Amino acid sequence: MRIGLFSGTVGKAASDLPGLVAFARDAEARGFDSVWLPNIFAIDAVGACAIVGWETQRIELGTAVTPTYPRHPAALAQQAVTTQLACGDRFTLGIGLSHQVVIEGMFGMSYDKPAKHMAEYLAILRPLLRGEAVEFEGQELTAKLALEVPEAADVPLLVAALGPVMLDLAGRYSQGTTTWMTGPKTIEEHIVPGINAAASAAGKPAPRIVCGLPICLTHDVDNAREQIGKALEIYGMLPSYRAMLDREGVSGPAELSIVGDEAALGSAISRLRNAGVTDFNAAVMPVGGASVEAMMDLLQAELA
C-alpha cells in the first residue's frame with residue numbers, strides 16, 4: 001500500500017503556496033508516495049499542483065478532489081494537461097460531484113441528476129485527458145474539440161465514488177476512486193467489490209483505491225477525538241458521507257478517525273491495507289497535543 005499525505009489539515013499547507021511547496025518537498029524527502037490537495041474554498045488545487053510539481057522531482061501530486069460542476073470538462077482537461085506538463089508526468093486528477101448544498105446553495109446550479117452529470121462529464125473529460133479529440137452532445141454537456149498539447153502525457157483520472165452508480169462509473173471510465181470518511185469495513189465490503197466488478201466488466205485492471213482518513217498520534221485519545229469531531233463536524237451532516245459513516249457503524253468523523261498510540265495507528269493502517277486500499281491518503285490532525293513531526297515519522301516507518 002502506498003502512503004501519501006493530505007495537505008488540507010497541516011498548517012499553512014492548506015492555503016499558503018510557499019507552505020504547500022515546503023510541505024511537499026518535505027514529504028518527497030521523507031519518501032512519501034504522494035501529496036493530495038483539496039479543492040474547497042481556498043487555493044485552486046489543480047493550479048497549485050502545477051506549482052508544487054515544478055518545485056519537486058519525484059512525488060506524485062493529486063487533487064482530492066476537484067468539483068466538476070463549476071468547470072466545463074474541456075476547461076478542466078486543458079488545465080489538467082497543462083499541470084501534467086509542469087509536474088513532469090506526476091499529476092493525477094481526482095474529481096467529484098461535491099454536494100447539493102454547495103452546487104445549488106452556493107453556485108446556484110442544478111444538482112438534479114448528479115450521476116447523469118458525471119457520466120456526461122466523463123464522456124468529454126476522459127478522451128481529452130488522453131490526448132484524443134471528442135465529439136459529444138449530451139443533455140447537459142456538449143464538446144466538439146481537441147487539445148493540442150502533444151508534449152503532455154495522459155493524465156490519470158480518479159473519480160470520488162461512494163454509491164453503486166458512481167462506483168460503476170469510476171470502475172469503467174477512470175483509474176480508480178478516492179474516498180473520504182469511509183472506513184475499512186465499508187472499503188472492504190462495499191467500495192472494493194463495487195468498483196472492481198465495474199473495472200472487470202470493462203476489461204480494465206484492478207483500480208486504485210485512495211482512502212483519505214484523519215489520523216492523530218496521541219495518548220490523549222478522548223481529547224483528540226473531541227477536537228476532531230468539532231473540526232470535521234460538517235462531514236457527519238453531508239448525506240453522501242453520512243451514508244458511509246452509517247454503513248461503517250460509527251457515529252461520526254471523530255469515531256472513524258485513526259487516533260491513538262503507535263500500536264493503535266499501526267494496527268489501523270494494516271487494517272486499511274488488508275481491506276484493499278492501494279493508497280492511504282493520511283490527513284494528519286495536529287490536535288490533542290499531537291506532534292506533526294512524530295506523526296510524519298510514524299507514517300514514514302510504514303512506507304513499503
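Values in this text are rule-based calculations from the coordinates and carry no lab data. Small disclaimer: the values here were computed from a predicted structure and weren't measured. Please note: Cβ atoms are built from the backbone with ideal geometry, for glycine as well, and neighbour counts cover all protein chains shown.
Key figures for this structure:
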read-out: Fluctuation leader among 276, 131, 203 - the chain, Gaussian network, Cα springs under 10 angstrom; value: 203
read-out: Per-residue Cβ neighbour rank within 10 angstrom, fewest leading, 216, 49; value: 216, 49
read-out: Among beta bridges that DSSP assigns inside the chain, antiparallel share in %, nearest 5; value: 10
read-out: Net charge dipole size for region 176-304 [Lys, Arg +1 and Asp, Glu -1 on Cβ; Debye, nearest 20]; value: 600
read-out: Positive-pole candidate from 284, 77, 87, dipole of the chain, charges at beta carbon; value: 77
read-out: Loop-located trypsin sites (Lys or Arg not before Pro) in region 1-75 whose Cβ has at most 15 other Cβ within 10 Å (DSSP); value: 58
read-out: Debye, to nearest 20: dipole size of the chain, +1 on Lys, Arg Cβ, -1 on Asp, Glu Cβ; value: 440
read-out: Value of Rg/Rh across region 1-118 [Cα atoms, Kirkwood radius]; value: 1.00
read-out: Average Cα contact separation per residue, region 176-304, under 8 Å, 6 or more apart, as relative contact order %; value: 36
read-out: For the chain, the longest site-free run once chymotrypsin sites (Phe, Trp or Tyr not before Pro) in DSSP loop states with at most 13 other Cβ atoms within 10 Å are removed; value: 108-304
read-out: Sequence-distant aspartates and glutamates (8 or more away, or on other chains) whose Cα lies within less than 19 Å of residue 116; value: 104, 135, 137, 140, 168
read-out: Global form of region 176-304, assessed from the alpha-carbon gyration tensor, a/c cut-off 1.5; value: oblate
read-out: Check: region 183-257 dipole with +1 on Lys, Arg Cβ and -1 on Asp, Glu Cβ, in debye; value: 400
read-out: Listed candidates [x] 6, 25, 31, 23, 12, 3, 0; [y] 6, 25, 33, 26, 9, 2, 0, 0; [z] 6, 28, 37, 23, 5, 0 - label of the one calculated as P(r) over Cα pairs in 10 Å bins from 0, in percent; value: [z]
